[in-house]
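The values are calculated or read from the model by the stated rules, or taken from the named source; none is laboratory data. Everything numeric in this text was worked out from a predicted model, so none of it was measured. Cβ placement follows ideal geometry from the backbone for every residue including glycine, while neighbour counts extend to all protein chains displayed. To get the accessible areas, we keep the full protein, side chains included, count just its heavy atoms, and leave off ligands, DNA and RNA. Shrake-Rupley method; radii C 1.70, N 1.55, O 1.52, S 1.80 Å.
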Amino acid sequence: MSHKRLILGMTGASGAPYGLCILEECLRQGHTVHLVVSEAGWRVLMEEHGWEVQERERCFTKRYGHLPGTLVYHPLKDIGATIASGSFQTDGMIVAPCSMASLAKLAHGLSSNLLERAADVMIKENKPLIIVPREMPLSAIHLENMLKLSRCGVSIVPAMPAFYHQPSSIEDMVRFVAGKVLDLLKIDHQLYQRWEGGR
């Protein structure tokens, strides 16, 4: 297995478990993950996971620092961070979860913080960008923005777990979506059971 360098952005949509599952699996496999979280993303971590988010970098290092991979945390306002440059070498970026506001900014080339800038760089450099939008129902505006990004080469992975593998927990459903993201990055994993044909 080759070592990968990835970027993970987490925004303010409900669905923090998707991003955390991707982060944990990548670090468990020894990959390097550059992490950036939006202000609303921190609010979601507090609401959905009960995290105390005053010491932001420590929130992640105390939970994932024991894993063999390398976690590099970037403050949202650090627009001069390495991941803001097109010269930064990476195997891909994931935005999970991706709010409709963040999706709209990406679709229109607007970057007002490091997360949006890093994603904009992925698009202009033709590097893999995968977004996990989490909203329902979807308006025509949402769909048009997704179509625009798809035409730019962005992979859209809606948070839509399958049920053929008979999930028995929320974790099973989260792992399915996370696994589909890792499939696109060609990262082997055992997060979900693959379809092997009818019984």
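Quick notes
- Spatial separation of Cα centroids for region 114-174 and region 1-62, in angstrom: 16
- Using a probe of 1.4 Å on the protein chains alone, the accessible area found for residue 188 is around 120 Å².
- Summary value for region 99-196: 23 percent relative contact order, contacts being C-alpha pairs under 8 angstrom separated by 6+ residues.
- Global geometry of region 127-188, whether rounded, prolate or oblate, following the gyration tensor of its Cα atoms and the 1.5 cut on a/c: oblate
- Each Cα pair under 8 Å and six or more residues apart adds its separation to the average, and for the chain the resulting relative contact order is 22 percent.
- Length released on extending from residue 163 to residue 188, taking residue separation times 0.36 nm less the Cα-Cα span: 6.9 nm
- Anisotropy class assigned to region 76-138 is prolate, per the alpha carbon gyration tensor with a/c at or over the 1.5 cut-off and a/b larger than b/c.
- Surface share of carbon and sulfur [accessible, 1.4 angstrom probe, percent] for the chain: 51
- Backbone N under 17 Å from the residue 62 label point (7 Å along Cα→Cβ), restricted to region 19-44: 42-43
- Against the criterion of solvent-accessible heavy-atom surface with a 1.4 angstrom probe, 116, 24 sort, most first, into 24, 116.
- Solvent exposure of the chain amounts to 51 Å² per residue of accessible area, where only protein heavy atoms count and the probe is 1.4 Å.
- Given [x] -0.56; [y] -0.67; [z] -0.77, the label whose value is log10 I(q)/I(0) by the Debye sum over Cα atoms at q = 0.12 Å⁻¹ derived from this model: [x]
- Of the residues 22, 141, 156, ranked by 1.4 Å probe accessible area with the largest first, the sequence reads 141, 156, 22.
- A probe of 1.4 angstrom, applied to the heavy atoms of all protein chains, finds residue 111 with accessible area near 50 square angstrom.
- Modelled this way, with points 7 Å down the Cα-to-C-beta line, the labels at residue 40 and residue 79 are 2.0 nm from one another.
- The mean sequence separation of alpha-carbon pairs under 8 Å and at least six residues apart, normalised by the residue count of region 1-49, gives a relative contact order of 51 percent.
- Choice from 169, 38, 102 showing the highest fluctuation, given a GNM over the chain with Cα pairs closer than 10 Å: 169
- Once both labels are positioned 7 Å from their Cα atoms along Cα-to-Cβ, the gap between residue 52 and residue 143 label points is 4.7 nm.
- In the assembled protein chains, residue 123 presents an accessible area of approximately 40 Å² (probe radius 1.4 Å).
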